[in-house]
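Undergrad: The structure is given below, and queries will be raised subsequently.
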Amino acid sequence: MAEHHLNTPFSEEVIRSLHAGDIVYFDGTLFGIRDLTQIYMFDQGNVPPVSLEGMPCIHTAPSLKKVGDRWEKICVGTTTSTRMDRFSPGLIGQYGVRAIIGKGGLYEDSLKAMQEHGAVYLAITGGAAALETQQIEEIEAVYWEHLHPEALYKFRVKDFGPLTVAMDSHGRHLYFEVRDQTAKKLPGIYEKLGI
């Protein structure tokens, strides 16, 4: 396991140097997306008004307030990723997203897209919204404001992390590995419990 301090945008070479279990921190741009953002993009055919090429996207519906023409952060937390899995291959293959950040991981098609295009899934600790919010220095833009709190958000971040590489571009998937290890141990546990 290695620790990496990166800057956005991420190159394919940098992303392919990451391995499951590595720890990542990064500076630069982070885009916030959620269910409605991606439904608007993929199901309703709206192309983002900003390039996502080489960028990380985090699954979030942030609590923000608008003061004049600026947005200020209140709390920016992370939501579970699995229900947005169907959009991830498109984010990676069509829009060039290099990292998806969330909780709970994604499924096989997303892992295949990561292997093909050079992307990773970065797991964030659940309940760490206060830390995440501190690491966001500024909300630089909110696109598709009518979707708020599930618009497309452009954040500037500093030392964002720690993030664990849970799915890498080499085919490893820590969530699947834990699931498989648990399945192997269950019969012995049941036997000891007399179940």
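The values are calculated or read from the model by the stated rules, or taken from the named source; none is laboratory data. Everything quoted here is computed from the prediction, not taken from an experiment. Glycine gets a Cβ as well: all are built from the backbone with ideal geometry, and neighbour counts include every protein chain shown.
Undergrad: Would a scan of the stretch 62-75 turn up a residue that is farther than 21 Å from F10 by Cα and of a type in the set (S, T, N, Q)?
TA: Yes, there is a match, as at least one residue in the stretch 62-75 is farther than 21 Å from F10 by Cα and of a type in the set (S, T, N, Q).
Undergrad: For the stretch 53-69, state whether one or more residues are under 18 Å from V165 (Cα atoms), out of contact with any strand residue (DSSP E or B) (no Cβ under 7 Å at 6 or more places or on another chain) and at pLDDT 95 or above.
TA: Yes, the conditions are met somewhere in the stretch 53-69.
Undergrad: Further, regarding this structure: Go through the stretch 35-59 residue by residue and tally those that are within 23 Å of A123 (Cα to Cα), assigned to a loop (DSSP other than H, G, I, E, B) and hydrophobic (A, V, I, L, M, F, W, C).
TA: 2
Undergrad: Return the residues of the stretch 65-103 that are touching a His at 6+ places or on another chain (Cβ under 7 Å), of a type in the set (G, A, S) and surrounded by fewer than 22 Cβ atoms within 10 Å (Cβ to Cβ); say none if nothing qualifies.
TA: G93 - this is the single residue of the stretch 65-103 that is touching a His at 6+ places or on another chain (Cβ under 7 Å), of a type in the set (G, A, S) and surrounded by fewer than 22 Cβ atoms within 10 Å (Cβ to Cβ).
Undergrad: If the requirement is being among the hydrophobic types (A, V, I, L, M, F, W, C) and either crowded, with 17+ Cβ neighbours inside 10 Å or touching a residue at least 12 places away in the same chain (Cβ under 8 Å) (or both), which of these qualifies: L193, L152?
TA: L152
Undergrad: Can you find a residue in the stretch 101-110 that is outside any loop (DSSP other than H, G, I, E, B), more than 24 Å from N7 (Cβ to Cβ) and among the hydroxyl-bearing types (S, T, Y)?
TA: Within the stretch 101-110 (the criterion being outside any loop (DSSP other than H, G, I, E, B), more than 24 Å from N7 (Cβ to Cβ) and among the hydroxyl-bearing types (S, T, Y)), the answer is yes, since at least one residue qualifies.
Undergrad: Can you give me the ranges of the strands (runs of 3 or more DSSP E) entirely in the stretch 119-195 with at least 1 residues that are modelled with pLDDT of 95 or more, on the phi > 0 side of the Ramachandran plot and not basic (K, R)?
TA: Of the strands (runs of 3 or more DSSP E) lying wholly inside the stretch 119-195, those with at least 1 residues that are modelled with pLDDT of 95 or more, on the phi > 0 side of the Ramachandran plot and not basic (K, R) span 152-167.
Undergrad: Here is a follow-up. Since H59 meets every condition but one in (1) more than 20 Å from S169 (Cβ to Cβ); (2) surrounded by 15 or more Cβ atoms within 10 Å (Cβ to Cβ); (3) free of Cβ contacts under 8 Å to residues at least 60 places away in the same chain, which condition does it not meet?
TA: The single condition H59 does not satisfy is (1).
Undergrad: Another question about this same structure. So in the stretch 166-195, with the set limited to residues that are among the aliphatic types (A, V, I, L, M) and in contact with a helix residue (DSSP H, G or I) (Cβ under 8 Å, 6 or more places away or on another chain), which one is nearest to A128 (Cα to Cα)?
TA: Ranking the candidates gives A166 first.
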